[in-house]
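Novice: Could you have a look at this structure, given as structure tokens, before my questions?
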């Protein structure tokens, strides 16, 4: 019998679905390199076709049958599939892809009851989920990246999982596995909207040299000074909001109270470890002054921003 006689893939994230199908095919071909792969769609699946494909062949040989959109099977075809999985053919691996939800639920339930191995491929829609995906991709290729670095890559590349997966693979291959902000900037400066948030994060974390480097890069690639100072202000205000939250508040209740997603609160809480209350107050003054200067009060906005970044890093050490 093949590695898995029946596999049920549930979800609608295309990249994850293709990988799950590919894993089954790879496992089957590891046992038999001549394994035949046949893609089936409900619209082209005639009654009796499944029985024909799963019948023993005079020439032998393993098969992987990939049944796409199984939620769209009509009543008769669904019954045929569910009858088959009660007694699957020994040389055939059936992979059923189901979008999830109520449509065609009887098919998914029947496959599960028949002992199908289930693979979840839900749509990835949240920023935190994309960050987790990027980190998993980097690990998958033998590399390492921090949560902050993963967010930087998401900011640079965008939301498409295929592009993120390709970027992760390329970065690990070209860096030897240690993927940091400098590597991301080097490879994606041409396409990334270098956000002021990268500058802000580096400044808030006390990394003066990196913050100034990111600032100069952002300005050189056309990011408006007003957007950078806005990001600095948001970063420092985040410190003030999270730092001033009631002690003991956490999780969903804290996120609701502050109007911030949980992943961002976790990030700010880590950043707060290097700050005192006086330092945050000083940084708030710095960003207010910088805001006035880049909006017309300074002859050289770039210099005003460099000074603001330096002053924020200095404020971090204020005790």
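Novice: Multiplying the sequence separation of residue 207 and residue 31 by 0.36 nm and subtracting their Cα-Cα distance, what value in nm do you get?
Specialist: Additional length available on full extension: 58.2 nm.
Novice: Could you give the angle, 0 to 90 degrees to the nearest 10, between helix 301-316's Cα long axis and the longest principal axis of the Cα atoms of the chain?
Specialist: Value to nearest ten degrees: 90.
Novice: Quick one: among 138, 17, 38, which has the greatest mean-square fluctuation in a GNM of the chain with alpha-carbon springs under 10 angstrom?
Specialist: Of the options given, 38 has the highest mean-square fluctuation.
Novice: Counting each DSSP H run of 4 or more residues in the chain as -39500 (n - 2.57), what helix-only mean residue ellipticity at 222 nm follows after dividing by all residues, to the nearest 500 deg cm²/dmol? Please list the in-between numbers first.
Specialist: On the way: 15 runs with 184 residues, N = 319.
Calculated from helices alone, the mean residue ellipticity at 222 nm is -18000 deg cm²/dmol.
Novice: Using alpha carbons only, how many degrees (0 to 90, rounded to 10) separate the axis of helix 14-31 from the longest principal axis of the chain?
Specialist: 50
Novice: For the stretch 6-121, count the residues as N, evaluate 2.2 N^0.38 Å, and divide the Cα radius of gyration by that value, please.
Specialist: 0.99
Novice: Here is a further query. Quick check on the stretch 108-148: what are the equivalent-ellipsoid semi-axes from the Cα gyration tensor, as sqrt(5λ), descending, whole Å?
Specialist: Taking √(5λ) for each Cα gyration eigenvalue gives 30, 14, 5 Å.
Novice: Let me ask another. What FRET efficiency would be calculated for the residue pair residue 51, residue 23, taking the C-beta separation as r and a Förster radius of 30 Å, to the nearest 0.05? Numbers along the way, then the final one.
Specialist: Numbers: r = 26 Å, r/R0 = 0.88.
Taking R0 as 30 Å, the efficiency between residue 51 and residue 23 is 0.70.
Novice: Given a Förster radius of 35 Å and the C-beta distance between residue 281 and residue 178 as r, what FRET efficiency does 1/(1 + (r/R0)^6) yield to the nearest 0.05? Mind showing how you got there, number by number?
Specialist: Numbers: r = 36 Å, r/R0 = 1.04.
The value I calculate is 0.45.
Novice: Then there is this: By average Cβ neighbour count within 10 Å, what is the ranking of 129-135, 51-57 from highest down?
Specialist: Listed from highest to lowest mean packing, they are 129-135, 51-57.
Novice: A follow-up question, please. How far, in nm, would the chain grow between residue 69 and residue 126 when pulled straight, counting 0.36 nm per residue and subtracting the alpha carbon separation?
Specialist: That works out to 18.1 nm of additional length.
Novice: Residue 314 to residue 221: extension gain in nm, 0.36 nm per residue of separation minus the Cα-Cα distance?
Specialist: 30.8 nm
Novice: Could you compute how fast the chain diffuses translationally, taking Rh as the Kirkwood radius over C-alpha pairs and applying Stokes-Einstein at 10 °C with viscosity 1.306 mPa s? Give it in µm² per second.
Specialist: Here the translational diffusion coefficient equals 69 µm²/s.
Novice: Now for a different question. At R0 = 22 Å, how high is the FRET efficiency between residue 76 and residue 103 if r is their beta carbon distance? Nearest 0.05 is fine.
Specialist: It comes to 0.85.
Novice: Something else about it: Can you say what percent of the DSSP beta bridges in the chain, counting only those with both residues inside, are antiparallel? Round to 5.
Specialist: Values: 0 of 21 bridges.
Here the share of antiparallel DSSP bridges comes out near 0 percent.
Here, each number is a calculation from the coordinates, and none is a lab measurement. Model, not experiment: these values are computed from the prediction. As a convention, Cβ positions derive from the backbone with ideal geometry for all residues, glycine included, and neighbour counts pool all protein chains shown.
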